[in-house]
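Here is the structure we will look at.
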Amino acid sequence: MLKDTINILCKHYGLSKEVVSFVISKEKLLEDKYKNIDEIAEYNHYKVINSMQEVKLTSSDFNWTTGYGYGDIGRDKVEEIYSIIFNTEDALVRPLIASGTHAIYLTLSGLLRPNDEFISITGSPYDTLQEVIGIKGNHKGTLVDYGVKYREVPLIDNRINVNEVIKNMRTHTKLLFIQRSTGYSNRRAISIQEMEKAIKAIKDYKKDIIIMVDNCYGEFTDIVEPTDVGADIMAGSLIKNPGGGLAYSGGYVVGKKDLVEQVANRSTAPGIGKECGLTFGMTRSILQGLFLAPHIVAEALKGAMLIGIVYKELGFEIVPDIDDVRSDIIQGIKLKTPERVVEFCKGIQRASAVDSHVIPTPWNMPGYEDKVVMAAGGFIEGSSIELSADGPMREPFYVYFQGGLTYEHCKLGAMMSLDNLYKNNLITKNKLTI
Ligand SMILES: *Cc1c(COP(=O)(O)O)cnc(C)c1O
């Protein structure tokens, strides 16, 4: 790091010299691992560009239509591009899918009928999905409210318990649900290799079971995706990885044609499906974001590793660990006290380009049972591929760090969060001496 950079950090950002040198010293330990991440990004970048070439993407595709939205060629090409990248028969990619939760809800509600059962085979799903299913909260119109049956099979040693899953499948079990990413839990993400093994064993037992994957935060962290290894359908958010920080909004569903069709019918109306729906001029930013996404995911992954090693060296437990295979962009850190979680998030917020003056506090966010503190100063509000961190106010007080459109920004976040803990006496000071 340039001396001038250290000067800026200490003078303008008010960072302590000890904190800056500590982070720099840990960064040096990661060089080999960064190389591996760059190689994955290179592969995925070529894959993405190739998909755009295959559909003959051209500048008039960025135009949009009005009214019903018939004949929006750009919209159709976006969906074709997603199908190529994710190796699926079909795709639904729409700016009006409000979030990842919405994409997942559309998928589940499009595929499941009353008395069908689905089993989450990676244990309890993400907080907002528990409300979608109807096992938490008190909402009308949940899946359970519509007569869908739901069960869970917990992970065993962080892995899908295939034997138990097979034992639990019954005649009316129609769909198995896999959450790739950590979510707000303390397990690491499910790797593609593990997923492949589990899917194969399950399909050997029951060929027509639908395997659905919640791919939120997982895109482009590996050179293959769940749909390359047997998942039938998969959903995710455009304000996470595949939107590359540029998509204003949106969600995607990719998979087998007959399944995507059912989801599309749910998203508009039976008989209309994918034929309607405006893009409001967002095709350009959705594709520009997708073009950058593999590189940005790599930046975020390196940032996650850096912050991971910094806190590990300070004696905190981290998930995933430095040598674990990464299958999402999240770095969980077990901070053990609510004060640390809040101060950590305040530090991330102070590092943001937007809203750096705002002070995050825990609040009752819609869709979440516990209070959550969130640090996010994104150019796209709520974008968690941008530098962000959050933690639910519950034991054992994990904070989840994710995103960063540039590695440098992640590094600034790492330094500022640590500086906040340091100045508030929330870490043992002598641990910072190197
Ligand atoms: C982010 C996320 C979702 C969806 O959340 P939204 O905030 O609605 O986009 C679902 N599952 C997992 C694992 C996630 O990380």
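The values are calculated or read from the model by the stated rules, or taken from the named source; none is laboratory data. Just so it is clear, the model here is predicted, and its values are computed rather than measured. Because the Cβ atoms are built from the backbone with ideal geometry, glycine has one as well, and the counts that use them run over all protein chains shown. Side chains included, ligands, DNA and RNA excluded: accessible areas come from the protein's heavy atoms. Shrake-Rupley method; radii C 1.70, N 1.55, O 1.52, S 1.80 Å.
Tabulated values for the structure
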{"quantity": "Any hit, region 148-161, residues being away from the ligand (no atom under 16 Å from the Cβ), within 21 Å of residue 227 (Cα to Cα), modelled with pLDDT of 95 or more and part of a helix (DSSP H, G or I)", "calculated": "no"}
{"quantity": "From 96, 108, residue being touching a Leu at 6+ places or on another chain (Cβ under 9 Å) and open to solvent by 70 Å² or more (accessible area, probe 1.4 Å)", "calculated": "96"}
{"quantity": "Pair list, Cβ under 8 Å, 6 or more apart: region 180-209 residue in the same structural domain as residue 330 (by TED's automatic domain parsing), other residue assigned to a helix (DSSP H, G or I) and at pLDDT 95 or above", "calculated": "none"}
{"quantity": "Conditions (1) among the hydrophobic types (A, V, I, L, M, F, W, C); (2) under 18 Å from the mean Cα position of the chain (by Cα); (3) more than 15 Å from the ligand (Cβ to nearest atom); number of the one not met by residue 91", "calculated": "(2)"}
{"quantity": "Odd one out for residue 327 among (1) more than 13 Å from residue 245 (Cβ to Cβ); (2) open to solvent by 50 Å² or more (accessible area, probe 1.4 Å); (3) within 15 Å of the ligand (Cβ to nearest atom)", "calculated": "(2)"}
{"quantity": "Whichever residue in region 178-207 is within 11 Å of the ligand (Cβ to nearest atom) and not small (Gly, Ala, Ser) and, among such residues, is modelled with the lowest pLDDT", "calculated": "184"}
{"quantity": "Looking only at region 67-82, and only at residues there that are small (Gly, Ala, Ser) and at pLDDT 95 or above, the one that is most open to solvent (accessible area, probe 1.4 Å)", "calculated": "67"}
{"quantity": "Some residue of region 361-374 being more than 13 Å from the ligand (Cβ to nearest atom), assigned to a strand (DSSP E or B) and surrounded by fewer than 18 Cβ atoms within 10 Å (Cβ to Cβ)", "calculated": "yes"}
{"quantity": "Single match in 129, 30 (criterion: outside any strand (DSSP E or B) and surrounded by fewer than 21 Cβ atoms within 10 Å (Cβ to Cβ))", "calculated": "30"}
{"quantity": "Single residue of 97, 104, 84 found to be β-branched (Val, Ile, Thr), in contact (Cβ under 8 Å) with a residue 40 or more places away in the chain, assigned to a helix (DSSP H, G or I) and under 27 Å from residue 277 (Cα atoms)", "calculated": "104"}
{"quantity": "Tabulated pairs, region 235-246, first more than 9 Å from the ligand (Cβ to nearest atom), second open to solvent by 10 Å² or more (accessible area, probe 1.4 Å) and among the aromatic types (Phe, Trp, Tyr), C-beta under 8 angstrom, 6+ apart or interchain", "calculated": "241/217; 244/291; 245/379"}
